[in-house]
Structures are given as C-alpha cells and as structure tokens.
1. Spot the failing condition for Ser241; the list is (1) more than 27 Å from Thr171 (Cα to Cα); (2) open to solvent by less than 40 Å² (accessible area, probe 1.4 Å), and only one is missed.
2. If we keep just the residues of segment 511-531 that are among the aliphatic types (A, V, I, L, M) and either in a strand (DSSP E or B) or modelled with pLDDT of 95 or more (or both), which is most open to solvent (accessible area, probe 1.4 Å)?
3. May I ask you to list the residues in segment 355-376 that are assigned to a strand (DSSP E or B) and touching a residue at least 60 places away in the same chain (Cβ under 8 Å)?
4. Considering segment 540-564 alone, what residues qualify as being open to solvent by less than 20 Å² (accessible area, probe 1.4 Å), within 20 Å of Gly521 (Cα to Cα) and touching a residue at least 24 places away in the same chain (Cβ under 8 Å)?
5. Among the residues of segment 301-324, how many are in contact with a helix residue (DSSP H, G or I) (Cβ under 6 Å, 6 or more places away or on another chain) and either more than 25 Å from Arg203 (Cα to Cα) or among the acidic types (Asp, Glu) (or both)?
6. Checking Phe569 against (1) within 16 Å of Asp271 (Cβ to Cβ); (2) open to solvent by 50 Å² or more (accessible area, probe 1.4 Å); (3) not charged (D, E, K, R), which test does it fail?
7. I need every pair where a residue in segment 116-140 that is in contact (Cβ under 8 Å) with a residue 60 or more places away in the chain has its Cβ under 6 Å from the Cβ of a residue that is assigned to a loop (DSSP other than H, G, I, E, B) and not hydroxyl-bearing (Ser, Thr, Tyr), sequence separation at least 6 or different chains.
8. Only one of (1) surrounded by fewer than 18 Cβ atoms within 10 Å (Cβ to Cβ); (2) more than 22 Å from the chain's Cα centre (by Cα); (3) without any contact (Cβ under 8 Å) to a residue 40 or more places away in the chain fails for Arg346. Which number is that?
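The values are calculated or read from the model by the stated rules, or taken from the named source; none is laboratory data. Just so we're clear, the structure is a prediction, and the values are computed from it rather than from any experiment. Every residue, glycine among them, receives a Cβ derived from its backbone with ideal geometry; neighbour counts consider all protein chains shown. In case anyone asks, the SASA skips ligands and DNA or RNA and just uses the protein heavy atoms, side chains included. Shrake-Rupley method; radii C 1.70, N 1.55, O 1.52, S 1.80 Å.
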Amino acid sequence: MRNFQFFQRFSKNFRDYDSQFKLVLLCTTVSGGGLLAYGEAVATSESAVPEKKKVLVLGTGWAGTSFLRNLNDPRYEVHVVSPRNYFTFTPLLPSVTCGTVEARSIVEPVRNIFRKKHVDSRFSEAECLKIDAVNRKVYCRSNINNNLNEKEEFVVDYDYLIIAVGANVNTFNTPGVTENCHFLKEVEDAQKIRRTVIDSFERASLPSVSDEERKRILHFAIVGGGPTGVEFAAALHDFVSEDLVKLYPGVKDLVKITLLEAGGHILSMFDKRITTFAEDKFKRDGIDVKTGSMVTKVSDREITTKEMKNGGEITTIPYGMAVWSTGIGTRPFIKDFMTQIGQVNRRAIATDEWLRVEGTDNVYALGDCATINQRKVMEDIAAIFKKTDADNSGTLTLKEFQEVMNDICERYPQVELYLKNKQMHGIADLLKESKGDVKKESIELNIEELKTAFSNVDSEMKFLPATAQVASQQGTYLAKCFNRMEECEKNPEGPIRFRGEGRHRFKPFRYKHLGQFAPLGGEQTAAQLPGDWVSIGHSSQWLWYSVYASKQVSWRTRALVVSDWMRRFIFGRDSSQI
C-alpha cells in the first residue's frame, strides 16, 4: 500500500511540475549492496526579467495555438483572448458529425498548453469587439454572464498584437443560408449536425409521416465541393450505409445525398486524377454530384439553384438538412480594423512577408484572417539594380548578380518559382534569355534589359490557401521570430534590404507544402503529396490515419482519437443524439 502511495505522489509531482522542476536522483550504495533512490523537486531559479513585453494573442485556432506552443522566451508576458478556451483539430470535424470520433477527442484546453510553458501566460474567455492600433488597446467582451445577467467588457493593452481569429463562413449574401443551413467550422457545428442527422431518421420513422415527406426529410444537401464538403458527404454516406440502415431498415431506401458545386468539378484544388476518381466514386456510391449548380436561395424546405451549364435554368430541390461549406468571410471587427489602417475593399488583412500587418509596426496577423502581400520584383527593380551594381558601372555582370542571387530568391520567391517552371538552371539562363545567344561570361545588362528579363517573374506569385497547414506553419514561424527578437536585432539574419541599408532582421516566411488529403469514404482516401505524387485507395487511408494521429497537439488527444477509431472498427459508429 505504501508503495502505491509513493508512486501516486511521484506521478502527481511529475504531472504538475514536469516543466518547472527538475528531478534529482540521489543514488547511494548502502551496506548489503542495496540501492536507495530519492526524488527531490528542486525549483529552477529564474532571474527576474524586468519590463516584460506584453504579447496579446487573439484566437486559439491553428495559428494562435501554434504560436503559443512554440513561444519559449520568458521575457514576454502573454495574454490570450478567445471566445473558446480550447483548440480544435478541425480536419476531424467531419468525423465528429457521424460519430466516428467524439468531440472531446479533438479538443485540447488552452490552459493545458500554458501549464507546460516557461512564459508568463494568462487566458480570458471573451470575444474581441474593437482594435485600437493607435493607442495599442483591444476592447473585449466576456462570453460569461455575471450575476446581473450582463456580459462584462474590458480593455487589454499590448506591446505586440497577434491577430489569429480565423474567419467567418462566407454566405455570399445568399438569402436564407444563415437561417436554414448548418455550417461546419466549430465543434458545436459538428455536434448539431450529428443530432440533426439522427433526428431526421427518427422523424422519418414516425408512422404519421407520408412517403413524400420521408423522402424530403432524408434528403441531405451539401453546398460546396471543396475538401470539407466532399469529406462530409463521404462520411455521411458511410454512416448511413454501414450503421444507420441497420437501425432504420424501413427508411433506408429513401435516403439521398446531394453535393452541389458551382464550379465545373469538385476538389478543383487537387490534381485532376483525384478529381476524376472522386466524382466517379461518388457516382458509384449513389451520391448525386451536381456541378455547375449555384445556390441562389435557401428556404426551410427547398434549395433554389441556377444551372450554369443549361443557360441559367432555375431548379428547386426539396431537402431535409443542408450543410453550407463554401468559402470564408471577414469578421466585423476585422473589417473595422482594416478601415482604421487604410486597408479597404479587401477580404483579409494584408501583411508583409514577415506576417506584420502593413501600415503597423507591432501588429501581426496570420491564419485565415490574413493574406501575405508578396512584394513584386518590378516594384523594386531599380533598387535591385543599384544594390547589385557593386562597381557603379551602369551595367550588371553575371558575377555581380550571382553574389546577391540568394538574397533575391529569398526576398522574392517568385524568382525561384519562375526559374523552376521555365526549367532554367539559374539566373544565368534568365539573363541569357533576355540578351540572346551570347556566352554567359560576357553577359552584361543595363537597367532596361534587366526589366525585360524580370518582366514576367511576378506572374508566378500566388496567394496561400486558407488551410490549417498554412496557419500552423505561420504560428511556428512567428514564435521563432519572437524567440530570437533580441538576438536578431543585433545580428540580422534576413536578406539584404534592397530599399535600404543592412539586412532584414529575419528571413521571410516561406510556406512548405507537405501534401493534402481528401477522404472519400469506404476506407479510401486520395493523397496529393509534394513532388506531384498522387495516391488513391486504402493505403492512403492508413497514411491519413497515421498523419492525423501524429498531428494531434497532445498525447491525450492522440490516445483518444486512436481509441475512437478502434471503437468504430469494433462496435460501429455512435448513433445516439447525446
């Protein structure tokens, strides 16, 4: 019993102080050859850090959580404000809608992340109302009612502001969408969809309901043929065909799933091989894919579409449940902030390549609420020429260009993309193309010839997709910049400042695409990985399992997700309304 109590105390101390204390094992050899082990928790001495910089983080999504997990500098005082006190692993939300994974398994409390950090941190469950960039203040309102049944408002000061609030669902001002459609962005959305699906089967099983009404109730419409819409359609089909038909045999033949997409194909951002396979598989599975169908109105019982292929024919579709998963929109207080800083008529906050909001010095934005405004080469062509022309001869030689080529490619990534797409081996091939058939060693260009050589480079610039992968990498990048802020002030590590002297403090953010998945149901997944490698089938499904398990933010959620998958294989999906 005493041994059990010892290990119980040891386990508690380890969980509570694993990041704040060190375990000292004093091993002493005693007479008789015995070994005595004694564990003592010794507090680490932290020198007082005067005048800590206040870092205010708005949001606990992929970008915000990634920033918090990687920030290690104790010279910051972090305050997180978010209407939810947890992080959600959003790629598994479609699995929650059908009981494959429990909601609790894909969320991690934010305070669990704080507990293991050396950074002074606090959290406030509240929503942001307004950002005052001039006075460095953020106005917030608590989500929790006080005794007077009113929500408290408060103001938070900051030295650095990290905006990572994500985005709203974009309804494109379509009438009836907000009132009648389900969305799939939060855990609460997935739980509501799950309850509605089960409720639809229960209602359709009532003896007083006509056959025509049963067909309408069991018609599930999904608007949007992107990854979220496709994955939910596949998950719903599996849920119905593998689990619900056993529980509701009387209505199984009345179920219909329709996927509406305004474009010409579903999964248009994927390789054509994946798009074709997905459309063919859905057709075999009985999922009705209607491409070229733009939704113009949604009532409580019908969806009105405009057929883009048939001369604008208007069609009305009865439905029982509709899920809207098309695009993202801007949050109201973000629009107000953009107006303050002169960024009008934009969908998202414009930042530079270091994720700093344009027009500010101490505000950063990342994730779905922001977009990187990559600087064009042609805007700086005169500065590039002047910086590269080391001998001030008025012409550039290949040698002079090669000395700053790495800085140019780092500052303007579109140059490297252009060379790659044109199958050029280096800057020499680009310069030679503008000069004609001459020897590389004798290439010399004036500024007009340099403009000609780089005239098409900016066409390779592309906006980053609004995905969890991008947001996560941005959060990690920015945290590393904050960790090295003081060091890089003294020793800048970025590329040359073409419009100034010296170097930039940090290297610009560069997104590294690690691939993307599209679960298609029936234990088959399409994977598009770097290097134009495409895999479709059961092997890709197991790769999806391993990647999504490993990407969980804690061992707790990792264990819960894996156990949910095992439970589903053994017992089937949970079809309760809880």
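1. Answer for Ser241: the failing condition is (2).
2. Among those that are among the aliphatic types (A, V, I, L, M) and either in a strand (DSSP E or B) or modelled with pLDDT of 95 or more (or both), it is Leu529.
3. Val357, Val363, Tyr364, Ala365, Ala370, Thr371, Ile372
4. Trp544, Val561, Asp564
5. Total meeting the criteria: 0.
6. Going through the list (1) within 16 Å of Asp271 (Cβ to Cβ); (2) open to solvent by 50 Å² or more (accessible area, probe 1.4 Å); (3) not charged (D, E, K, R), Phe569 breaks only (1).
7. Note: pairs meeting the criteria are His118/Pro74.
8. (2)
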